[in-house]
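What follows draws every value from the coordinates through simple rules; no lab data is involved. For clarity, every value in this text was computed on a predicted model and none was experimentally measured. Cβ sites come from the backbone with ideal geometry, for glycine too, and all protein chains shown count toward neighbours.
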Ligand SMILES: Cc1cc2nc3c(=O)[nH]c(=O)nc-3n(C[C@H](O)[C@H](O)[C@H](O)COP(=O)(O)O)c2cc1C
């Protein structure tokens, strides 16, 4: 076959051999699987293949139409990042100080319930990965590992505790005492749960805790042997706060949550807890101001990952106004929708002091236990460092509102990768 634009020749071995440097082919195995994941969305795809539908949907899903989560994720894409060029960015790093502690990245692991249902390594995997990456881990009241076991498994980590105020105040405060005795420094009080959100996927899947072996789950187990093997050979699911539960997730949540809670309870908790106090689930400027008046150290702008009130505000859109009102009196934290390191940078540029990820770490956990959480954190950190350099900043405190322009928002179902 001749070609008019170059003269063909026989390949010479001396020219061919340098091109034949194949990387060692890695067969199967967790390491190879995780190395192929380049984004959090890739981890989600692996997680979906390896986890039964009930636990996967419990994690991935949100309330009702699920548009709240989709909007929060979309909001991070509907912005423009505005770089400064020709800056010396050779020293870019993601170090930060928050609530009086130094961390390697401006992101912590958000509290998540039922974590051992997603993967048998559960909270221990999250706490150890967080300690390794120098970021805080938050154990949920509905976590499936005790606070003592979390602290023992990651003694060098910053292990925080999230409280759901139960109807039974004595039992709530007994948990707070245990957290204090275990050395927890930051208590996170979640306040967006007077009642459980309607997580329709769980209802449709008939999700119960612990998962039961029905004909459907046995068929579902065939392509996911490792999950089931781990599940059947690890200790039964118990909770950070109680020994067992037999019923649906929604029933458990409604048993736990106290719809009579008010700002007076927040003040009361403040008077009982002498560590730092974060209030999680603030969704308006007005409530951020009221919480600040109760003496909290941080407000966490969050709509619970879209799992509570559907059509709730996008936390990213609240930051600037909350910052304007609260100035630097207390810290402003944010979660919901973070799937990329640049999402975290955008939140900080707009005025947030710290962020959390829920699903981003759980997709990693489901994809490969502790190694999967580490891969998720590695991906986020790599994305942060690269984007800081591209934006022309060396340290996080150089990020300013000028680096981000919020564009017209395009909300609606079906825009995001699946
Ligand atoms: C599976 C799952 C379980 C959760 N359980 C809790 C919980 O027990 N307590 C709580 O305060 N928030 C809980 N959340 C909300 C997270 O703490 C966090 O607000 C949310 O995941 C942030 O959104 P993201 O998943 O988009 O990062 C849970 C979220 C998920 C995905």
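Per residue, the convex hull spanned by the alpha carbons of the stretch 89-190 comes to 107 Å³.
Between residue 5 and residue 38, the FRET efficiency estimated from the beta carbon spacing at R0 = 51 angstrom works out to 0.90. With a simple spin-label model that places each label point 7 Å from the Cα along the Cα-to-Cβ direction, the separation between residue 185 and residue 385 comes to 2.4 nm. At an R0 of 22 angstrom, the distance between the Cβ atoms of residue 31 and residue 132 translates into a FRET efficiency of 0.90.
For the pair the stretch 356-387 / the stretch 119-150, the C-alpha centres are spaced 14 Å from each other. Exposure proxy for 188, 261, 384, 229: other Cβ atoms within 10 Å of each Cβ, ordered fewest to most, give 229, 261, 384, 188.
What the Cα atoms of the stretch 252-325 give is an Rg and a Dmax of 13.1, 39 Å. Estimated purely from DSSP H runs of n ≥ 4, each contributing -39500 (n - 2.57), the mean residue ellipticity at 222 nm for the chain is -12500 deg cm²/dmol once divided by its residues.
May I ask you to derive the FRET efficiency for residue 226 and residue 397 from their Cβ-Cβ distance with R0 = 41 Å, giving the value to the nearest 0.05?
0.40
Take the convex hull of the alpha carbons in the chain; its mean projected area over all directions comes to 25.8 nm².
Label points 7 Å out from Cα along the Cβ direction at residue 170 and residue 284: separation in nm? Calculated label separation equals 3.6 nm. Relative contact order of the chain, taken over Cα pairs closer than 8 Å and 6 or more residues apart, is 28 percent. For the pair residue 293 and residue 148, the difference between a 0.36 nm per residue extended length and the Cα-Cα distance amounts to 49.0 nm.
Largest first, the extents of the alpha carbon coordinates of the stretch 101-258 on the three principal axes equal 49, 35, 26 Å. The label point for residue 91 and the one for residue 254, both projected 7 Å from the Cα toward the Cβ, are 5.8 nm apart.
Note down the Stokes-Einstein diffusion coefficient of the stretch 39-118 in µm²/s, whole number, using a Kirkwood radius over alpha carbon pairs, 20 °C, and 1.002 mPa s. For these conditions, the coefficient is 129 µm²/s. Peptide packing for 203-213, 62-72 was compared via the average number of neighbouring C-beta atoms within 10 Å per residue; ordered from the highest value, the list is 62-72, 203-213. Sorted on the mean count of surrounding Cβ atoms within 10 Å across their residues, most packed first, peptides 242-248, 111-117 read 111-117, 242-248. Take the Kirkwood radius over Cα pairs of the stretch 159-205, plug it into Stokes-Einstein at 10 °C and 1.306 mPa s, and you get 128 µm²/s for translational diffusion. Binning all Cα-Cα separations of the stretch 70-117 at 5 Å, short to long from zero, yields these whole-percent fractions: 5, 12, 10, 14, 20, 23, 10, 4, 2, 1.
Per-residue packing, averaged as other Cβ atoms within 10 Å, sorts the ranges 316-324, 169-177, 137-145, 154-162 into the order 137-145, 154-162, 316-324, 169-177, beginning with the highest.
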